[in-house]
1. Can you tell me which residues in region B:451-465 are more than 24 Å from residue B:117 (Cα to Cα) and open to solvent by 10 Å² or more (accessible area, probe 1.4 Å)?
2. It is to be established whether one or more residues within region B:537-545 are open to solvent by 40 Å² or more (accessible area, probe 1.4 Å), more than 14 Å from chain A (Cβ to nearest Cβ) and assigned to a helix (DSSP H, G or I).
3. For region B:353-378, name all the residues that are in a helix (DSSP H, G or I) and surrounded by 21 or more Cβ atoms within 10 Å (Cβ to Cβ).
4. Just a yes or no: is a residue in region B:505-515 within 14 Å of another protein chain (Cβ to nearest Cβ), surrounded by 22 or more Cβ atoms within 10 Å (Cβ to Cβ) and within 13 Å of ligand 1 (Cβ to nearest atom)?
5. Within region B:331-362, track down each residue that is among the β-branched types (Val, Ile, Thr) and without any contact (Cβ under 8 Å) to a residue 60 or more places away in the chain.
6. Under 9 Å between Cβ atoms, at least 6 apart or on separate chains: pull out the pairs that start in region A:139-166 with a residue that is open to solvent by less than 60 Å² (accessible area, probe 1.4 Å) and end on any residue that is among the aromatic types (Phe, Trp, Tyr).
7. Filtering region B:329-352 down to residues that are in a strand (DSSP E or B) and either of a type in the set (Lys, Arg) or not assigned by TED's automatic domain parsing to the domain that holds residue B:314 (or both), which residue is farthest from residue B:372 (Cα to Cα)?
8. What's the number of the condition residue B:494 fails, among (1) away from chain A (no Cβ under 14 Å); (2) within 14 Å of ligand 2 (Cβ to nearest atom)?
Amino acid sequence: MLRSIVFTGLILAAAPAAAQQVQLPPGEGRDIIATACTQCHALNFPTSLREGPAGWRFHVEDMILRGAQIKNSEVETVVNYLASNFGPGVNIPPPATRVSLPEGEGKQLVEQRCSTCHELSRVGDARLARQDWDRVVAKMVSIGAPLTDDEAKTALTYLQKNFAPK
Amino acid sequence: MKELVRQYLDKGISRRKLTTGLSAAGMTTVAAKAMAQALSSPTPQAVAAAPAGAVRDFKGTGGAVFTQQLKAAGVEYIFFNPSTADAPIYDSLVNEPAIQLIKGVQEGAVVAMADGYARATGKLGVAIVANVGLPNALTQVVNSWKDQIPILLAAASIAQDNVGREQFQEYEHIESMTQPITKWNWVAASSDTIAETTRRAIKYASTPPAAPVYLSIPENLLRLESSGQIYDHALFNVPMTIRPAKDDIERAARMLIEAKSPLMSFGDEVTLCKGEKEMVELADLLGLPAAGGTGALGFWSKPFPTRHPLFIGGVFRQMRFPENVDVHLNLGFKHGELAMAGAKQISIRRDPASLARGAPVDLPIVADIRLATIDLIEAVKSLATKERLKQIADDRLEKARAFTSEQAKLIARIGREHSDGGTAIRMERLGVELEQWLDKDAIYVCDVDSGKRMDPFMNFGGDDKRYIGTGPNILGWGMAAGLGVKLAFPNQQVLSVVGDGSFLFSGPQPLWSLARYEAPTTNIVLNNKSYNNERNRIWMTGGAQFKAGRDFTCYNGSPDVDYAAVAKAFGVDGEKVMEASQIKDALARARKANMDGKPYLLDVNIQRDGVGAASTWHPEYSIADKRARKV
Ligand SMILES: Cc1ncc(C[n+]2csc(CCOP(=O)(O)OP(=O)(O)O)c2C)c(N)n1
Ligand SMILES: [Mg+2]
């Protein structure tokens, strides 16, 4: 489903097929997705991808705006299904690379919370300007990163300090 | 098919041979005959019988013969960017008020203006470019080619004696580079055949399925005093308004009446045949849920009213509504034929080449879409009583309405919930505001990628706004196309919407023509400082950029282009719109400028969204830093 954020047209949807089909676990909403989302593209979002309800809602509504036949009464079911089966911390594959982060206040928080949706290497590899860390952390929280406001601030300060552009 | 037609035009094969050949290639006999007729020159008898003035002798330069034949074919505008060699064409217009020249300062813009004009009117768009500017033109020709838009693209080629001598700006066989994206290309062979060759080019471009054609006229022939016979359009125009076979239509009518769960899909051929009204009448008569495309391919014109309770969105192999489709009628949608399990498929198409091309079709019909729809309506009415039809239609409509009214609520909710974009403007919000701002008879010219998310918040078709986009989305078309549309419909509001990427692909040059010809269109740049959809597509395949969280290709914000300032540099007034609260007033100023006869540009600060949208990271690289000397 996610991949389709992307598609500009019926045929264009045949863009590079990187991934294997995502296997959908059983649950209410699965059949809707299996039909509605496969009319234009395969279900091949990166299997490691995880988002919370708000994150998934964006993608589902985006697809609806582009024509996916998901009914008004089904939106909640679909979002819940995706968030519980492809949400933070659910069934995440073991990390491909071990990342060790520099010491400092916020290290543990980042290690624990920022690895529930994607590998920590993404955090470790990024070298971002201050305002970009601002935006990225805000975005992660908005799509479901499990951090309170205070925790987000701590994580942000840590990231800005340790992962500024070289 | 192309080869057969070429042989026929070059008088290599007879008309009978052509028809047989076309039938063998899969055309119905009626269609093949009509095509043969369309391609043949009028008989000497027809010419002799034509009313006085319909055929006339003309003496003048080759350039004048060319423009006189264009004029006789009803051409009112020539979009152009000149060189030296084509001067005789423009010389011939010095005292010819019937043809207005519209200049574009980049050949892509020249073609896009002609294309916008042709899409809006259904008439031929004429574009003349320098032979060396031809490659610039071709990118935009792809849009016309894929969407079957009639364009005559012409250039002056090198003088015949100089061919092959490696002269200045000569490159050999230049016309063959147009081959894959034109129906045909010619080099005029002698001055005395310029009129005939021009007619052939016009006919090839205009005879449905229409297409771009390329005509080059050698420089020496354009200058040469010559004589030619000029024909009125009626003498070589055969509009291919083919009626379908009666039996086929009756069969289709019966299937649609008896169906348990019918579906109608529709596409651009409805627009090209001007059959919108009849299509809606048919849907109403039978209560047919109507589905269009999900992208713009084959569906750049959205001909069915999107506000209509029978309009259900896109067509898919497996529809979730209506369920278990048993009869699918495809009305003029190039990509509407789908392998739907359990459904009988009827496809009425004007273009036989793409009919029954990929999916099984039980009842293929080649016909003019409007005439076929009229016949279908008559057949349906003759096969069932008024009462029975009403009952069938009411039943189906009720089910469709239950679905479409819920979907309308859903779209409205999404619009409401996403009206606040914080420091930037959400696409959804802009869509909602545009729906309020646009006149009901406005023409919405759409050249966007992620900007298509706004479409559902606006109403198109029927008594509502008209939508004109391009199927293949070869970007850099929109602002220039908007000029062509405004030229055709000066009394209607025209809005062109482009992305920041698509603005940059055309460059600012369309602004030059907008200012030069006082084209009062509003132009919106959806400026998300990114190839937003492109990045989403790339990252969603989970490649290295996604894994690293670094966008190597799509960020546009450095340099951060000020599009309103660019517009001002070209003499087009405009402004930046940074926050949602500023949209209304900015649109009001745009309207005021348009009312005063001026184009206007809004550089709208749109939120980047989707995957990888948050960071502005992009690869830094400085050529200045490579220097050992500060030069
Ligand atoms: C002439 C042309 N060049 C390249 C492309 C490939 N392409 C498709 S979308 C896109 C980016 C468009 O960016 P923009 O207009 O800003 O759209 P958005 O940010 O809304 O996605 C590109 C480069 C194209 N469609 N047309
Ligand atoms: Mg953009």
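1. B:456, B:457
2. No: region B:537-545 contains no residue that is open to solvent by 40 Å² or more (accessible area, probe 1.4 Å), more than 14 Å from chain A (Cβ to nearest Cβ) and assigned to a helix (DSSP H, G or I).
3. Result: B:369, B:370, B:372, B:373, B:375, B:376.
4. no
5. B:361
6. Pairs found: A:143/A:56; A:143/A:58; A:144/A:56; A:156/A:133; A:159/A:133; A:160/A:133; A:163/A:133; A:164/A:133.
7. B:344
8. It is condition (2) that residue B:494 fails.
The values are calculated or read from the model by the stated rules, or taken from the named source; none is laboratory data. Fair warning: this is a prediction, and the values are worked out from it, not measured in the lab. Counting neighbours? That spans all protein chains shown, and the Cβs are built from the backbone with ideal geometry, glycine included. The accessibility values were calculated without ligands, DNA or RNA, using every heavy atom of the protein model including side chains. Shrake-Rupley method; radii C 1.70, N 1.55, O 1.52, S 1.80 Å.
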